[in-house]
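Notes to accompany the following structure.
Nothing in this text is a laboratory measurement; each read-out follows from the coordinates by a stated rule. Predicted model only: the values in this text are computed from it and were never measured. Methodologically, a virtual Cβ is constructed for each residue, glycine included, from the backbone with ideal geometry; neighbour enumeration extends over all protein chains shown.
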Amino acid sequence: MVSAGGGGSAGLLMVVSLGLLGCLLSPVAEILIARLLPRLGGLPTPRARITTAAVTGGACVAFVLRFGTPPGLSALILLAVLGVQLARVDIALHLLPNHSYSFS
């Protein structure tokens, strides 16, 4: 079901390369989060960073396999990177859901 990019080997190459792109973008996102949002803490442990990179790569591969190569693929890759980072921060700090507000 590799429909990303045409032929079998070209499609497989596209899936693998976008998975690696997701793995490489994950540490970049972690550094940006640590620098721009210091109240969320510093960089995570190396084990958490490797796990986060692997999950991000897997999410990118899943998006490519599911949606192929639409024009908005870069937005889906960004969604995968930011979604995994949000999950990592939430697991570490238990910030979601934030019940400090009231709608009544």
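The gain in end-to-end length when the Val28 to Ser100 segment is fully stretched comes to 22.9 nm, 0.36 nm per residue minus the alpha carbon separation. On full extension, the segment bounded by Ala92 and Val16 gains 24.4 nm, given 0.36 nm per residue less the C-alpha separation.
How would the range 8-93 be classified by its alpha-carbon gyration tensor: rounded, prolate or oblate, with rounded meaning a/c under 1.5 and the a/b versus b/c comparison settling the rest? Prolate is the answer for the range 8-93, as a/c is 1.5 or above and a/b outweighs b/c.
Taking each DSSP H run with n ≥ 4 as -39500 (n - 2.57) and averaging over every residue of the chain yields -24500 deg cm²/dmol at 222 nm. Note on Arg35 and Ala54: their simple-model spin labels are 2.8 nm apart, each label 7 Å out from Cα toward Cβ.
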